[in-house]
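Here the structure comes first, spelled out in structure tokens, and everything after it is commentary.
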Amino acid sequence: MNRRLLIALFLLAAAPLSLWYALSQGSVNIGAAELWRALLGHRDNATAYLVIHELRLPRVLSAFAVGGMLALSGALLQVLLRNPLADPYVLGVSGGAAVAVLLSMLAGLGAGWLQANAFVGALFSMFIVFGLSRAGAAWTQNRLLLTGVVVAAGWGAVISLILSVTPASQIHGMLFWLIGDLSTATQPVAGIIILLTGLAVAWWLARPLNLLMRGENIASILGENPARLRSVVYLLASLLTAMAVTLAGSIGFVGLVIPHILRLVGGSDHRFLLPTSVLLGGGFLTVADTLARSWAAPAQLPVGVLTALLGVPVFLFLLVRAR
């Protein structure tokens, strides 16, 4: 059987297992039979029902959606920028969201306002980078990358300024959001819709992306429009990142390394890479968030720290084997 097909089938089976593991584990472990009955709506075990439906299920679905969006966005940006170090945050989208959220926290706004303002801030940063990268000169990958890096650096300076004038009582919550926090992700429906829509659009672009990897001239000769393709990919990757940041803050590593892991084990064909990135990224972040909330329960660890601690050794091992 084809190696890529085996990998895809394995990830397709592992994704629901990661969701099951996340729903069953935590400060209160729930057995398989109780979990199944709770998912079916039976209330004979009121505690299990409330834990699953009120606490874990929204967070688990949000974690899977965020991981899938970050991995998909990273795969798209690495092709768009033709840079192996590109990740969802390299173009400053998360910086704009972070500034909006920190200002909202400083003003004492509620969780609903935080998510709405995060999305607005991410979109604002996205249009700044896109507009500046196209102003007064021809669009190039380097121009877009440099614009994004500079805008991200500017947002970083604003974030540092906000943290330096924030009362000590609010610093902890701000830092948790900046590192990545899924504790407030209670509305996963929007994230799942954006993920599925983004995957459908990206899958439709799989062949043009394969051609773009070979160079813009080859893509043009074979009937593609590189300028239009770049714009669509940038907007799609930025919207995915904006929604991910809105739900969970800035969770690093996932969008950078998950696509590379799949390239190492299965190649760079985007018909394979894009859907498997969603499956692996979603499952990986789901497991990492479960460990973050259960290792030191009732205290919770920042999930962004766990993603790096778990993923870096795996990636380095695969990289050494590939060499």
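The values are calculated or read from the model by the stated rules, or taken from the named source; none is laboratory data. Owing to the predicted nature of the structure, the values given are computational and were not obtained by experimental measurement. No Cβ is skipped: glycine too gets one built from the backbone with ideal geometry, and neighbour counts run over all protein chains shown.
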Can you find, within the range 40-67, the residue that is surrounded by the most Cβ atoms within 10 Å (Cβ to Cβ) among those that are touching a residue at least 12 places away in the same chain (Cβ under 8 Å) and farther than 18 Å from Thr186 by Cβ? Ala48
Note down all Cβ pairs under 6 Å where the first residue falls in the range 21-36 and is within 14 Å of Leu291 (Cβ to Cβ), the second is in a loop (DSSP other than H, G, I, E, B) and at pLDDT 80 or above, and they're at least six residues apart or on different chains. Ser24/Ile30
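Test of understanding: among Arg271, Arg263, which residue is of a type in the set (D, E, K, R) and either touching an Asp or Glu at 6+ places or on another chain (Cβ under 9 Å) or free of Cβ contacts under 8 Å to residues at least 12 places away in the same chain (or both)?
Numbers: Arg271 fails: either touching an Asp or Glu at 6+ places or on another chain (Cβ under 9 Å) or free of Cβ contacts under 8 Å to residues at least 12 places away in the same chain (or both).
Checking each option against the conditions leaves just Arg263.
Out of the residues in the range 240-271 that are part of a helix (DSSP H, G or I) and among the polar types (S, T, N, Q), state the one that is modelled with the highest pLDDT.
From the range 240-271, those part of a helix (DSSP H, G or I) are 240-248, 254-266, 270-271; that's our starting set.
Next, only the ones that are among the polar types (S, T, N, Q) stay: 241, 246.
Values: Thr241: 89, Thr246: 84.
So the residue we want is Thr241.
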Sort out which residues of the range 116-142 are free of Cβ contacts under 8 Å to residues at least 12 places away in the same chain and over 24 Å from the mean Cα position of the chain (by Cα), and write them in order of number. Arg134, Ala135, Gly136, Ala137, Ala138, Thr140
Only one of Leu80, Leu40, Leu109 is among the hydrophobic types (A, V, I, L, M, F, W, C) and closer than 30 Å to Gln170 by Cα. Can you tell me which? Leu109
Which of the residues belonging to the range 133-176 are farther than 22 Å from Leu103 by Cβ and either at pLDDT 85 or above or part of a helix (DSSP H, G or I) (or both)? Ser133, Arg134, Gln141, Asn142, Arg143, Leu144, Leu145, Leu146, Thr147, Val149
Sort through Pro313, Pro298 and tell me the only one that's in contact (Cβ under 8 Å) with a residue 24 or more places away in the chain, exposed (fewer than 15 other Cβ atoms within 10 Å of the Cβ) and of a type outside the set (Ser, Thr, Tyr). Pro298
Identify the residue in the range 144-164 that is without any contact (Cβ under 8 Å) to a residue 24 or more places away in the chain and over 24 Å from the mean Cα position of the chain (by Cα) and, among all such residues, is nearest to Arg228 (Cα to Cα). Leu161
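Modelled with pLDDT of 80 or more and over 23 Å from Gly148 (Cα atoms) - does that describe any residue in the range 310-321? Please lay out each step first, then the result.
From the range 310-321, those modelled with pLDDT of 80 or more are 313; that's our starting set.
Narrowing the set further to residues that are over 23 Å from Gly148 (Cα atoms) leaves 313.
So far as the range 310-321 goes, yes, one or more of its residues are modelled with pLDDT of 80 or more and over 23 Å from Gly148 (Cα atoms).
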Failed item, numbered, when Arg56 is tested on (1) at pLDDT below 85; (2) assigned to a helix (DSSP H, G or I); (3) among the basic types (Lys, Arg): (1)
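Please find, among Leu205, Leu199, Leu195, Leu209, the residue that is in contact (Cβ under 8 Å) with a residue 24 or more places away in the chain and either surrounded by fewer than 18 Cβ atoms within 10 Å (Cβ to Cβ) or touching a Pro at 6+ places or on another chain (Cβ under 9 Å) (or both). Lay out the reasoning, then the answer.
Numbers: Leu205 fails: either surrounded by fewer than 18 Cβ atoms within 10 Å (Cβ to Cβ) or touching a Pro at 6+ places or on another chain (Cβ under 9 Å) (or both); Leu195 fails: either surrounded by fewer than 18 Cβ atoms within 10 Å (Cβ to Cβ) or touching a Pro at 6+ places or on another chain (Cβ under 9 Å) (or both); Leu209 fails: either surrounded by fewer than 18 Cβ atoms within 10 Å (Cβ to Cβ) or touching a Pro at 6+ places or on another chain (Cβ under 9 Å) (or both).
It is Leu199.
Would you pick out the residues in the range 23-56 that are of a type in the set (Gly, Ala, Ser) and out of contact with any Phe, Trp or Tyr (no Cβ under 7 Å at 6 or more places or on another chain)? First the steps, then the outcome.
Going residue by residue through the range 23-56, those that are of a type in the set (Gly, Ala, Ser) are 24, 26-27, 31-33, 38, 41, 46, 48.
Passing the criteria: Ser24, Gly26, Ser27, Gly31, Ala32, Ala33, Gly41, Ala46, Ala48.
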Out of the residues in the range 187-239 that are touching a Ser or Thr at 6+ places or on another chain (Cβ under 7 Å) and of a type outside the set (A, V, I, L, M, F, W, C), state the one that is modelled with the lowest pLDDT. Pro226
From the list Leu91, Leu85, exactly one residue is of a type outside the set (Phe, Trp, Tyr), over 24 Å from Arg207 (Cβ atoms) and surrounded by fewer than 23 Cβ atoms within 10 Å (Cβ to Cβ). Which is it? Leu85
Quick one: Arg271 ticks every box in (1) more than 23 Å from Gly191 (Cα to Cα); (2) of a type outside the set (Gly, Ala, Ser); (3) surrounded by fewer than 16 Cβ atoms within 10 Å (Cβ to Cβ) except a single one, so which number is it? (1)
Applying the selection to the range 257-268, what residues are buried (at least 22 other Cβ atoms within 10 Å of the Cβ) and either aromatic (Phe, Trp, Tyr) or out of contact with any Phe, Trp or Tyr (no Cβ under 9 Å at 6 or more places or on another chain) (or both)? Pro259
Quick check, is Ala237 small (Gly, Ala, Ser) and part of a loop (DSSP other than H, G, I, E, B)? no
